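Report on one structure; see the data block that follows.
The values are calculated or read from the model by the stated rules, or taken from the named source; none is laboratory data. As the structure is a prediction and not an experimental result, all values here were calculated from the model. Glycine gets a Cβ as well: all are built from the backbone with ideal geometry, and neighbour counts include every protein chain shown. Side chains included, ligands, DNA and RNA excluded: accessible areas come from the protein's heavy atoms. Shrake-Rupley method; radii C 1.70, N 1.55, O 1.52, S 1.80 Å.
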Amino acid sequence: MTTCEKYKNLIEKYIEGTIIDGQLADLKTHAETCESCREEFERCVLLQDVVRQAFSSPMAAEHAGASLVARLSEEPNLRLRSTRFGTALFAGKRAAIAAGILLAIGLLLGFTIGRAGNPAQIPLTAQVPINVGKIDGTVLVRHEGSDVWRALEAGSNIYLGDTFHSTAGSAFALNLDGESTLELNQNSMLVLKLYNGQTQFFLEHGECTASLESPHGPFFISTPHGRVEALGTEFTVKVTDE
Ligand SMILES: [Zn+2]
């Protein structure tokens, strides 16, 4: 094996937590003079830091993926080696969440992450007649009951219970009945709750603007702080962290 392969293996051991002190010192010495190994080592340290924060914060585990994606999307220089991370960083019951996170990271960075085995298929809820309008940047969607985030595309089908996550600098619009639209601004998370004569979205955080054809059926946007009913034709709902 080449010198660098040896150090890449040490980096894997570092991720696994099985590296011994002598090897770590050796790795650090090599990283001082080898740019490729240094960059990879630094990325591993950063990723570990991000993952640790995601799992140690009081935020619900199901949202860890989204916040990790949001944070990583602000790190344009981050590049992951897919096969090295899949099994190394995570174990046990976090693996499913991690798989979703890794898939999302892979989407953002243009990788296809291989997944071990076949994850159980999630039965989809009802598809709804909503089309994806304009998309700027990277918007992710996750179906209800699934832990996998996929990139939202112009032709994507929309289902009840879908959660939409717009990353930093990204935005998109949903085309609803008639001429009505709902636009989600950057760094936002929105869930489609109801779409059956009554429309209900849940804005978990971020900002969305509804432009509704008049007259329109009952239209609500709920938030962690309360519920907004659309009485007029155009309004914006904003949820900030504090
Ligand atoms: Zn090297």
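What the table shows:
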item	result
Criterion: within 24 Å of residue 144 (Cα to Cα), part of a loop (DSSP other than H, G, I, E, B) and among the polar types (S, T, N, Q) - qualifying residue of 200, 186	186
Qualifying residue in the stretch 18-26 (condition: in contact (Cβ under 8 Å) with a residue 12 or more places away in the chain and near the ligand (Cβ under 8 Å from one of its atoms))	no
Tally of residues being more than 20 Å from residue 195 (Cα to Cα) and at pLDDT 75 or above across the stretch 98-139	6
Test: residue in the stretch 184-198 that is farther than 17 Å from residue 158 by Cβ and in contact (Cβ under 8 Å) with a residue 60 or more places away in the chain	yes
Filter pass, residue 201 being free of Cβ contacts under 8 Å to residues at least 24 places away in the same chain and open to solvent by less than 20 Å² (accessible area, probe 1.4 Å)	yes
Count of residues meeting criterion [free of Cβ contacts under 8 Å to residues at least 24 places away in the same chain and part of a helix (DSSP H, G or I)] in the stretch 6-17	4
Subset of the stretch 27-39 that is in contact with a Cys (Cβ under 9 Å, 6 or more places away or on another chain) and assigned to a helix (DSSP H, G or I) - its residue that is farthest from the ligand (Cβ to nearest atom)	27
All positions within the stretch 204-215 that are of a type in the set (D, E, K, R) and either under 15 Å from residue 176 (Cα atoms) or open to solvent by less than 20 Å² (accessible area, probe 1.4 Å) (or both)	213
